[in-house]
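To start, the structure under review is shown below, and the notes come after it.
The values are calculated or read from the model by the stated rules, or taken from the named source; none is laboratory data. Keep in mind it's a predicted model, so treat the numbers as computed, not measured. With ideal geometry, Cβ positions are generated from the backbone for all residues, glycine too; neighbour counts draw on all protein chains shown. Each accessible area value is taken on the protein alone, full model and side chains, heavy atoms only, with ligands, DNA and RNA left out. Shrake-Rupley method; radii C 1.70, N 1.55, O 1.52, S 1.80 Å.
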Amino acid sequence: MEETAPRLHVCFVNVTSGIGGVERVAERHLTHLDPARFRLSYAYTPFHGDEAHVARLREAGVNIVPMENILTLWSR
């Protein structure tokens with residue numbers, strides 16, 4: 001029996017508040033990685049209008065992890 005390597009966990013963390021370059025890059029990478037080889041997660045601060053973006057990621061097998069807005073913590 002052949003042993004298989006465990007899947008590498010890839011997690012994109014995004015704390016922006018709208019669709020822009022970061023979201024497009026994360027979506028492009030996450031939807032093109034092989035979920036058989038990688039465990040995929042997307043941790044992000046939910047924002048108005050994110051439904052289609054999140055749906056595309058979920059459809060690609062990405063685990064969605066909504067976070068509270070931490071931008072205010074970083075600005076201190």
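Points worth noting:
- Within the stretch 13-28, residues that are modelled with pLDDT under 90 reach partners that are open to solvent by 20 Å² or more (accessible area, probe 1.4 Å) and among the aromatic types (Phe, Trp, Tyr) with beta carbons closer than 6 Å, at six or more positions or on different chains, in the pairs Ser17/Phe47; Gly18/Phe47.
- The stretch 5-49: number of residues that are within 12 Å of the chain's Cα centre (by Cα) and either on the phi > 0 side of the Ramachandran plot or not in a helix (DSSP H, G or I) (or both): 16
- Of the residues in the stretch 54-64, at least one is surrounded by 13 or more Cβ atoms within 10 Å (Cβ to Cβ) and in a strand (DSSP E or B).
- Restricting attention to the stretch 29-53, the residues that are open to solvent by less than 60 Å² (accessible area, probe 1.4 Å) and free of Cβ contacts under 8 Å to residues at least 12 places away in the same chain total 1.
- Hits in the stretch 26-54 - residues which are of a type in the set (Val, Ile, Thr) and farther than 19 Å from Met67 by Cα: Thr31
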